[in-house]
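The values are calculated or read from the model by the stated rules, or taken from the named source; none is laboratory data. Worth saying up front: this structure is predicted, and the values here are computed from it rather than measured. Methodologically, a virtual Cβ is constructed for each residue, glycine included, from the backbone with ideal geometry; neighbour enumeration extends over all protein chains shown.
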């Protein structure tokens, strides 16, 4: 690629990322089924291209070949809508962190080296990571609890890629992947839930225990290795071998249906037995968020969680769920800096975050 072409691509990427920071991600839209508890669902497929070694043994030239191959196959999605390629290797640390906060790439892809990229679909519903742990990580998101719709879209995108190349596949083992836990279907089914009432009623440990018994993982906001922030949890399958995609999706559906019933029951119990305390917690959260002069990302997430619960339980009526979801995203470190248009140190971010929150929660 020539210098002019590289400059043009860099300019398009910059415009795309700036616009991204000003919009809501699919997983935070709060317009899907059961969205009072279920924030979003995601289905991810791990795939490797036949004829190439796994990532750990891949040469620099082969890494580039894979990037160019996949990029050529995904100029549009299955609905013929344009898709945007981002060269992660050339992005700044801040822009990579922005993509992590949007759930479009993993922290592993952001921190990796060598040729790698991500292809993002319209509305951020599709995201295809290139050269992460596997050659491909195909991801589809859907707001709320809509796993079947999510799987249909992911399967179509997978078919589109496979029509133009061959995957590493074994008749008995299924899709071959770098990590043995992904061998078989290569599928990871995840649902992001908001469980403040179960945490407040000290029943959240039951979620971890039940999930463990059913070979499910409970992780934080950004998946493997991350801690729960703002009472957000990701529930996902851990086993892919020996089960069909439909079986894994059905199993997780049943668990999550039980889970959001637990959470709703816990919310009603809190409203019945601790209404004054709960109302006070919500009011204090709004008070701090709307008046603080300096506030950390962690404290913001915790207080916004209380505020989101208060809105869902009709304890506060001067703010919408969509606004709260935007605040969750836009107060994250990379988003905040992109919106400010400059790189900020921790203390500066805390000041800027407080200013942003005051402006959004105290409209003129």
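When each of 211, 197, 156 is tested for being surrounded by 23 or more Cβ atoms within 10 Å (Cβ to Cβ), in a helix (DSSP H, G or I) and on the phi < 0 side of the Ramachandran plot, the lone residue that passes is 197.
Here's a check for you: in region 165-186, which residue that is modelled with pLDDT under 95 and in contact with a helix residue (DSSP H, G or I) (Cβ under 7 Å, 6 or more places away or on another chain) is surrounded by the most Cβ atoms within 10 Å (Cβ to Cβ)? In this case the residue turns out to be 185.
Looking only at region 127-149, residues that are assigned to a strand (DSSP E or B) and either closer than 20 Å to residue 322 by Cβ or touching a helix residue (DSSP H, G or I) at 6+ places or on another chain (Cβ under 6 Å) (or both) come to 7 in all. Could you tell me whether region 324-332 includes any residue that is free of Cβ contacts under 8 Å to residues at least 24 places away in the same chain, over 24 Å from the mean Cα position of the chain (by Cα) and outside any loop (DSSP other than H, G, I, E, B)? No.
Could you check region 338-354 and list, in sequence order, the residues that are surrounded by fewer than 20 Cβ atoms within 10 Å (Cβ to Cβ) and either within 18 Å of the chain's Cα centre (by Cα) or in contact (Cβ under 8 Å) with a residue 60 or more places away in the chain (or both)? Once the filter is applied, which keeps residues that are surrounded by fewer than 20 Cβ atoms within 10 Å (Cβ to Cβ) and either within 18 Å of the chain's Cα centre (by Cα) or in contact (Cβ under 8 Å) with a residue 60 or more places away in the chain (or both), region 338-354 yields 339, 343.
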